[in-house]
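Here the structure comes first, spelled out in structure tokens, and everything after it is commentary.
The values are calculated or read from the model by the stated rules, or taken from the named source; none is laboratory data. Here the structure is a predicted model, which is why all the values come from computation and not from measurement. Note: ideal-geometry Cβ built from the backbone for every residue, glycine included; neighbour counts use all protein chains shown. Note: areas computed on protein heavy atoms with side chains; ligands, DNA, RNA excluded. Shrake-Rupley method; radii C 1.70, N 1.55, O 1.52, S 1.80 Å.
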Amino acid sequence: MIHWRRATVRTVLSDRSGVREVTAALTEPLPGREETAEAGAGEVRALAYTDLVGVPEPGDAVLLNVSALARGLGTGGFALVAALPERLPADPPPGPGHLVKDRYSPLQTMVLGVDDQESAHHETLKSASSLGGVPVVVADLHSAVPAIAAGILADRPQARIAYVMTDGAALPLQFSQAVQVLQEAGVIASTVTVGQAHGGDHEAVTVHTGLLAAVHVAGADAVIVAQGPGNLGTGTPYGFSGLVVGDHLNAVGLLGGTPLAALRMSQADARERHLGISHHTLTAVGEVARPGAVMPVPRLDTLTGAEAARARDWGQEQAWTAPEAVLPARMEEQTAQLTAAGHVREDVDLAGLLNALEASPARMSTMGRGLDRDLVAFLAAAAAGRAAAARI
């Protein structure tokens, strides 16, 4: 079910590649807010994917999808511009490409796939069958991507990193401000959007051809695979979008890459199932992934000196050093579950990684928490990056 509203653009708030954010005045209030209609129907922030719907300007009439706002959701909590009905964008010029992404939705788009018969890279991908041992870090959350990249570059500053965005969450890559910042800073060299996701430097039909394109077309030394922003979870054992982490690790192994599972961790999540190593990792890696993935485990006792002092200042270090701390024992028990499933534990020294995380051009944030509120989440991701760097 979709909640639609007509609106008029008031102001332009920001522009970034492929996205314009505006404020728009509604012609009628959001569902459940009719009692405020006397004071006006209200104004909302709205995102327009300019390659899909055109560029909204102040005064333009717009048709908005307000479903997430109507339900009060945090994930996807924007109005989305579905059309500028009085000022449609011009038709694109004729060109190659017949891959349809976001298929059979009103905003399905046609792109030139890197594996498309019309692509200059078709012959390369037709014959490519191996990643040649290239390290591939697979993560559950999009928020892990900047931290993984920081861990790679901490030890291999010249490494060429490709990001493969899967279609478990946001489909347009342009929604990710973090990826744009990382690309502009030269941290991520190339992006590949796979499945229904779109907007990357390269488009691919599957995660398999996306991985092959990252190595054989983009020339990556290391690859990060993760869904876009806006993961979905239901609190049920298998009802979360990150379950495909196991499938993606399997794809890496099938193609002869080195699969590394970034542990989703938290010391601050209020939900018991995500404390220590998240049940998302325990299920996706422990049950879905075939044996043999590398599990980089952050050695929290190796955070020393000024880095440890900052953790103490934030009140974070007590989670793993205080006599009553439960995190270390919980981590050991959870890690044992993963090794029992046939995965390879690799303890990772953390020295220098907090400095690398703080130096990242993209702000560290997961579920609204930054470094000072959930340090372990980012150290675990950076540790996976360091393990990948050791294999370059």
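Observations on the structure shown:
- Whole-percent carbon and sulfur share, accessible surface of the chain, 1.4 Å: 52 percent
- For the chain, the per residue solvent-accessible surface stands at 43 Å², with DNA, RNA and ligands left out and a 1.4 Å probe.
- Global geometry of segment 261-309, whether rounded, prolate or oblate, following the gyration tensor of its Cα atoms and the 1.5 cut on a/c: oblate
- Gln117-Glu43 pseudo-label distance in nm [points 7 Å out on the Cα-to-Cβ vector]: 5.2 nm
- Sorted on the mean count of surrounding Cβ atoms within 10 Å across their residues, most packed first, peptides 145-154, 10-19 read 145-154, 10-19.
- For Val225, the residues 5 or more places off, or on other chains, whose built amide H falls under 5 Å of its own are Val137, Val138, Ala139, Val164.
- Pair Arg10, Asn355: separation of 7 Å Cα→Cβ label points (nm): 4.7 nm
- Comparing Gln180, Asn231, Gln334 along the charge dipole axis of the chain, the residue lying farthest to the positive side is Gln334, per the Cβ-charge model.
- Exposure rank, largest accessible area first [Ile2, Ile277; 1.4 Å]: Ile2, Ile277
- Placing unit charges on the Cβ atoms only, positive for Lys and Arg and negative for Asp and Glu, gives the chain a dipole magnitude near 220 debye about its Cα centre.
- Full extension of the chain between Ala340 and Tyr238 gives 34.7 nm of extra length, using 0.36 nm per residue less the Cα-Cα distance.
- Ordering of 379-385, 223-229, 157-163 by burial proxy (mean other Cβ atoms within 10 Å per residue, highest first): 379-385, 223-229, 157-163
- FRET efficiency for the pair Leu107 and Leu254, taken as 1/(1 + (r/R0)^6) with r the Cβ-Cβ distance and R0 = 30 Å, rounds to 0.40.
- Max mean-square fluctuation residue, GNM over the chain, Cα-Cα springs under 10 Å, options Phe378, Phe175, Phe240: Phe240
- Remark: spin-label model distance Glu333-Ala390 equals 2.7 nm, labels positioned 7 Å along the Cα→Cβ axis.
- Once the Cβ-Cβ distance of Arg299 and Asp247 is raised to the sixth power relative to R0 = 30 Å, the FRET efficiency obtained is 0.55.
- Across segment 65-115 the C-alpha pair distances fall into 5 Å bins from zero in the proportions 4, 16, 15, 20, 17, 14, 10, 4, 0 percent.
- Prolate/oblate/rounded label for the chain (Cα gyration tensor, a/c 1.5): oblate
- Model label zone, Thr124; criterion: amide N under 19 Å from point 7 Å along Cα-to-beta-carbon; scope segment 158-182: 159-165
- Estimated FRET transfer efficiency (Ser365, Arg312; beta-carbon r; R0 30 Å; 0.05): 0.90
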